[in-house]
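Trainee: My questions all concern the structure below.
Laboratory data are not the source of any read-out in this text; all were calculated from the coordinates shown. No experiment lies behind these values; they were computed from the predicted model shown. Because the Cβ atoms are built from the backbone with ideal geometry, glycine has one as well, and the counts that use them run over all protein chains shown.
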Amino acid sequence: MRDLVAGMRYLGKGQRWVAGHGRWWGFGLIPALIALALYAGVLTMLALWSGDIAAWATPFADDWGSPWQGLLRGLFVVLLFAGGLMLSVLTFTAVTLLIGDPFYESLSEKVEESEGSCPESPDRPLWQEIWIALRDSVHVLLRALGFGIILFALGFVPVIGQTVIPAIGFCVSGFFLAVELTSVAMQRRDIPVRERLRMLRGRKALAVGFGTPIVLLFLVPFVAVILMPGAVAGATLLVRDLVPGEEQPPGDGETGQAAAAAPYGQAAPGYAAPGQAAPGGFGPAPAQYPPHQGQPYQSPQYPQQSQQYPQPPAGPGPSGARPPAGW
């Protein structure tokens, strides 16, 4: 539940970031507007031809009487258009990212720079970056299409097909939409698409919490265009916390910066390394724990006593050395 809420917060953080950087928000609207014009035409054609497609897909119902033929084909039209909307939500992001690859790459870099650091992009030409993005998008969409076919078939099951299945479909769409939106920051880190899917599967609630509200909002006309720059910004912030090794070190001020700059396994300035004297001469620093790089834990070695104390002689000894009787 915590990851689900955290995913929603990343969406809000991204929208707040672009709200505070209006020039970058307008910059990110350009590819979304181009993609919107393309998808408006495709969905209009689907709505006009959906009745003919339903009649072609259900020839066995040609001899059915009223109202069963109309109910079956009406349900088919509704499911067909709902599937088209769901697929358009998924592919809208992929197509928009392809059209606006240079736009969103620059936007994502600016977000990371504002957070303190930005990983260097791989040294590849633009055409190769677009080809990798296209190949990865096809890989993700094929997986999403497999789930979509199963959910489309389950939509004909009475009761659950009209209640539970649509809710599951929105969550599945939200997960794959999160995969698409995080691809900009993931590709900069040269993380393969299969590894991206594995990382987000390990945090399903985080991905669903981030992507599902966007799916629902994208169903409202023109909202997808307005929210797209903020969605990319929020996905970039999500990747910064999702990728291992990019979390911020504890501490603040100069101490925290020094700890962040020190190589892993070495002491920061002003701190004692394992086995060395601590600042101020207060003795050796404690041994490192937990063990680093497979080294067994070693307990601290303390100096042995140099002075040898005599041991008492065996036996009763002289009478003068014994206590008086009656003690």
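Trainee: Karplus couplings for the stretch 184-190 from phi (6.51 cos²θ - 1.76 cosθ + 1.60, θ = phi - 60°), rounded to Hz, Gly and Pro as x?
Mentor: These are the phi-based 3J(HN,Hα) values: 5, 6, 5, 5, 4, 8, 6 Hz.
Trainee: Return the FRET efficiency for the residue pair VAL159, ARG198: r is the Cβ-Cβ distance, R0 is 41 Å, and the value is rounded to the nearest 0.05. It would help to have the intermediate numbers written out before the result.
Mentor: Details: r = 35 Å, r/R0 = 0.85.
Once rounded, the FRET efficiency stands at 0.75.
Trainee: For the stretch 35-177, what is the Kirkwood estimate of the hydrodynamic radius, computed as the reciprocal of the mean inverse distance between distinct Cα atoms, to one decimal in Å? Walk me through the numbers on the way to the answer.
Mentor: On the way: mean 1/r = 0.0557 Å⁻¹.
Averaging 1/r across every pair of different Cα atoms and inverting gives 18.0 Å.
Trainee: Continuing with this model, one more query. Looking only at Cα atoms, what is the convex hull volume of the stretch 117-181 per residue, in Å³?
Mentor: Numbers: hull volume 5.1 nm³, N = 65.
Looking at the stretch 117-181, the number lands at 79 Å³ per residue.
Trainee: Let me ask something else. If you find the alpha carbon centre of the stretch 62-125 and of the stretch 2-52, how far apart are they in angstrom?
Mentor: Cα centroid to Cα centroid, the span is 9 Å.
Trainee: Using the Karplus curve 6.51 cos²θ - 1.76 cosθ + 1.60 with θ = phi - 60°, work out ³J(HN,Hα) for each residue of the stretch 86-103 in order, rounded to whole Hz, and write x for Gly and Pro.
Mentor: 5, 5, 5, 5, 5, 6, 4, 5, 4, 5, 5, 5, 5, 4, x, 3, x, 5
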